[in-house]
Amino acid sequence: MAAGLRAVRRWGLVATAPGLAFTRSAFVVKKVNNVQPNWLGVGLAFGTSAALWALLIKQHNEDVMEYERRKQERGHKCTGCS
């Protein structure tokens, strides 16, 4: 088995990426600049978070009001209404 692998390497039958050192990456890495933060990104992140929390709290309050209304409806046992 080992002799077969040596023969493959010697004859150049192993598939390798040609010129791997000369290829370019699809992504460009920049040095992080902590002196100038991306204020637009920060504002969008915090704004989105605040908007989602406001929506969540509003929806919760509406659900609580609906629960209280239905609870009162169930408790109403007046014979004059029906």
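Overview of results
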| quantity | calculated |
| --- | --- |
| For the range 43-52, 3J(HN,Hα) per residue [Karplus equation, 6.51 cos²θ - 1.76 cosθ + 1.60, θ = phi - 60°, Hz, x = Gly/Pro] | x, 5, 5, 5, x, 5, 4, 5, 5, 5 |
| Simple spin-label estimate for residue 77 and residue 45 in nanometres, 7 Å along Cα-Cβ | 5.7 |
| Carbon + sulfur, % of accessible area of the range 25-72 - ligands and nucleic acids excluded, 1.4 Å | 67 |
| Inter-site label distance for residue 63 and residue 25 at 7 Å from Cα along Cβ, in nm | 4.4 |
| Restricting the range 31-82 to trypsin sites (Lys or Arg not before Pro) in coil, as DSSP defines it, with at most 12 other Cβ within 10 Å | 31, 77 |
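The values are calculated or read from the model by the stated rules, or taken from the named source; none is laboratory data. Nothing here was measured: the structure is a model prediction, and the numbers come from that model. Backbone-built Cβ (ideal geometry, glycine too); neighbour counts: all protein chains shown. Each accessible area value is taken on the protein alone, full model and side chains, heavy atoms only, with ligands, DNA and RNA left out. Shrake-Rupley method; radii C 1.70, N 1.55, O 1.52, S 1.80 Å.
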